[in-house]
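Structure first, commentary second.
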Amino acid sequence: IVNEPLKTSTLENLDYKKCLRALTEIIARTYHPGPEDNSLENAILTVADLDQRTLPRLQSQDHCRSIQNRIEYFAFRIQSGFVAISLVLRQMNSYKAQTQQQKKSIESCRASCLQTLRAFLDMQTFTAVPLRTWTFLHNAFTSALLLSILDGNNDGDARMLQTSLIDIIMRSEEEGTTAKGFRRCFGRAEEDLKKMLSGTYKPGQGRTQNT
């Protein structure tokens, strides 16, 4: 049975699973040239608007009535934030950006990175799910690294979140609560983020073909 495509422009009261499906379809449509509705700009706006089309418990923690509700609340922010990041980065690479447009795109990307990273950090305060989920770890580390690229070490809020991520990951490794195979998959990202925060990072430093 093939499910009918979701029409995200008319849907309301989406649950978590339907939100993930909507995000997937938003991305998929941008890879098919066609009407303006399939443009990256429209996709970015649709993702931003999706938050207002969800169930109340995905819009505000005040409506969460269980741990599962809270997990889905933060998970949605991690996922939607990262989708926004990927779309904005593609948009930045798809044209010879004018200075004003480039600045707007950078600010949009930065805001989505902050959203994703904050959601990951908030979620891990009451459950180990984000620390054991590869997708969430990937999105958090990518957001943290991008913030260093976009802001350098000049943004205090970003730096605080990045430092918190490193502290939490190091503690989690000591306690054995990280995802299986963490070092193999995320060890390089962790070390690069540490170097970026300390100001000693150099692209490709210490890497060989077999590492």
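The values are calculated or read from the model by the stated rules, or taken from the named source; none is laboratory data. All figures in this text were calculated on a predicted structure; none of them were measured in a lab. All Cβ positions, glycine included, derive from the backbone under ideal geometry; neighbour counts span all protein chains shown. Side chains included, ligands, DNA and RNA excluded: accessible areas come from the protein's heavy atoms. Shrake-Rupley method; radii C 1.70, N 1.55, O 1.52, S 1.80 Å.
One table, with the values for the structure above:
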{"item": "Every pair of residues 6+ apart whose Cβ atoms lie under 6 Å, when the first sits in the range 90-106 and is at pLDDT 85 or above and of a type in the set (D, E, K, R) while the second is in a helix (DSSP H, G or I) and open to solvent by 60 Å² or more (accessible area, probe 1.4 Å)", "result": "none"}
{"item": "Options Phe120, Phe136: the member that is under 20 Å from Arg77 (Cβ atoms) and either open to solvent by 10 Å² or more (accessible area, probe 1.4 Å) or in contact with an Asp or Glu (Cβ under 8 Å, 6 or more places away or on another chain) (or both)", "result": "Phe136"}
{"item": "Whichever residue in the range 148-174 is in contact with a helix residue (DSSP H, G or I) (Cβ under 8 Å, 6 or more places away or on another chain) and not in a helix (DSSP H, G or I) and, among such residues, is modelled with the lowest pLDDT", "result": "Asn153"}
{"item": "Number of the exception - Lys104 against (1) basic (Lys, Arg); (2) part of a helix (DSSP H, G or I); (3) over 27 Å from Ala28 (Cα atoms)", "result": "(3)"}
{"item": "Single unsatisfied condition, Asn38 versus (1) at pLDDT 90 or above; (2) open to solvent by 30 Å² or more (accessible area, probe 1.4 Å)", "result": "(1)"}
